[in-house]
Amino acid sequence: MSHIKRFMERLAGDIKFRTAVSESADAPRAVTERYGIEVDPLEILPLWRDDHLTYRYKPESAPWPLSIMWDEYMRDMLRHRDLLRDHGDMSMTNPRFHAWRERQIRRCNDELGGSAPSITHPIIAFELREGCTVGCWFCGLSAAPFKGYYEYSKQHAELWRGVVGVASEVFGPAARTGFCYWATEPMDNPQYDRFLFDYYQITGALPQTTTAAPLKDEALTRRVLGLFNLYGTTMNRFSVLSTAHLNQIHRAFSPEELTGVELIMQGKDAPTAKAFTGRARKRKEKLSARQEAIALTERNHTTIACVSGFLVNMPQRRLQLVTPVPGSERWPLGYRIVGQRSFRTPDEFRDGLKSMIDQHMLESPAPDLPIRFRRDLEYTAGDRCFHLRSRSMEHRVLDYAPISVGHLIACGNFTVSELVMRASTDGMSVLAVADLLDQLYAAGVIEEDLGDRYAWQTSDGMKDRIEEAQG
Ligand code: SF4
């Protein structure tokens, strides 16, 4: 498997290899031997030869069992990704956070286009450095230049273990979805593995690592891979920045050593689409100003942010509640910051978590705040129903209220309590309307980003009321 994996990596990341294999169609083994890959390409034809690709995932691929084995492995990887999303379940440990996260997942599936299926919505991420030394041109999070890392000193280790302990206590097993980088490069912290091991000891799970600098401190990378071999369950990832980088990685690590590492080809010609956020967004805007085409796949790749939950910056002792959104002028990094707190101790960290859950994770839309549909949704009235169309799907909603609830929400001129009064004529219909609003809210089609002036630009009066309501 590890050698088939290496074959596929070279195919994706090295045009010379691709050409050499296809030009030696009768004896491609000589090419793989040259690259130290112990696979005869003739035994995996459906994985690479144009005229055999059509057999993939079909009974016709039976003569190539190694090819079937690879496809099954890839299917397992996708199934594992879906399981990771389920690991964030907090229905028993923290029902309010659970309902909020579920709502964000539904919204993201509706709003994020091609990015949505790969997002697992971890509930927490930690930054253990400030800025990043790598400076990738495509950085979807526009990482700032490197300023330093969070040392594993006695004092820091104490705070770190305290904070992870609180996360584990407040979120239960869902804390195992956490990871330890964000707009930062893990290997910029030479003591990164010590933080990982603490996390494993406290939560029972070793955080996953994605690095674009696996060769920066090879000993550290090997320690991280060693921890994965002992305790890991989620594949690590190396971002490969060019074919030269791929060559260096393949020289440094054997196919067997990289069995648990997914290589993501990020070179300029690589097949990996870049999300329309951060530095990649700026570059694409320049391209489009020069009238160069932006591939549809890239326009549909709206964000690389994945956390629906808390982002914790340890050097700054800052706690933010975040969730993925499509990259935009308002949220250029592809995630929305819902709220923010600072902390100095594990107790303050716990207080910060609790107060943000209380303030932002409401079970129903707030009665005194305006209500309207998400701005990306197209509203159409129907007969005793209405339709909401997003980039990915269409919702049909039954609407039997005396005055259409859909119409009143689409107007965007009412608070929730005003709308309930307008749409109802008696006690029964008040309950029915409130119930419909709750269902729409849980479905994620109600705008939650009320601070977004762009969403409300049709009504100046409403802007003032939002500001008033939000203090
Ligand atoms: S993509 Fe990762 S490694 Fe590259 S600049 Fe951004 S944070 Fe750093």
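Things worth noting here:
- Where chymotrypsin sites (Phe, Trp or Tyr not before Pro) in DSSP loops with at most 14 other Cβ within 10 Å are excluded, longest remaining stretch of the chain: 138-399
- Förster radius 56 Å - calculated FRET efficiency between E262 and I403 (Cβ-Cβ, nearest 0.05): 0.60
- Estimated FRET transfer efficiency when R0 is 22 angstrom, pair Q155-R223 (beta carbons, to 0.05): 0.45
- In this structure the stretch 94-360 gives 40 Å² per residue of accessible area when probed at 1.4 Å with all protein chains present.
- Evaluating 6.51 cos²θ - 1.76 cosθ + 1.60 at θ = phi - 60° for every residue in the stretch 188-194, the Karplus couplings come out as 6, 10, x, 10, 3, 5, 5 Hz, glycine and proline recorded as x.
- Taking only the Cα atoms of the chain, the radius of gyration and Dmax are 24.9, 81 Å.
- Surface share of carbon and sulfur [accessible, 1.4 angstrom probe, percent] for the chain: 52
- With each label modelled as a point 7 angstrom along the Cα→C-beta vector, the A30-L369 pair spans 6.8 nm.
- Span from the the stretch 102-148 Cα centroid across to the the stretch 157-193 one, whole angstrom: 16
- Radius 12 Å from Cβ of G135, net charge of other residues (Lys, Arg +1; Asp, Glu -1): -1
- A run of the chain free of exposed loop cleavage sites, with GluC sites (Glu not before Pro) counted only in DSSP states other than H, G, I, E and B and at most 16 other beta carbons within 10 Å, reaches its longest extent at 39-150.
- Only Cα sites of the stretch 2-74 enter the Debye sum here, all with the same form factor; the resulting log10 I(q)/I(0) across q = 0.20, 0.21 1/Å is -0.80, -0.88, listed in q order.
- Overall, the chain carries a charge dipole of about 1000 debye about its Cα centre when +1 sits on the Cβ of Lys and Arg and -1 on the Cβ of Asp and Glu, all other atoms neutral.
- The stretch 218-264-the stretch 360-421 distance, computed between alpha-carbon centres (Å): 48
- Accessible-area value, D358, 1.4 Å probe, nucleic acids and ligands omitted, Å²: 90
The values are calculated or read from the model by the stated rules, or taken from the named source; none is laboratory data. These numbers were taken from a predicted model, which means no experiment stands behind them. Note: ideal-geometry Cβ built from the backbone for every residue, glycine included; neighbour counts use all protein chains shown. What goes into the accessible areas is simple: the full protein's heavy atoms, side chains included, and nothing from ligands, DNA or RNA. Shrake-Rupley method; radii C 1.70, N 1.55, O 1.52, S 1.80 Å.
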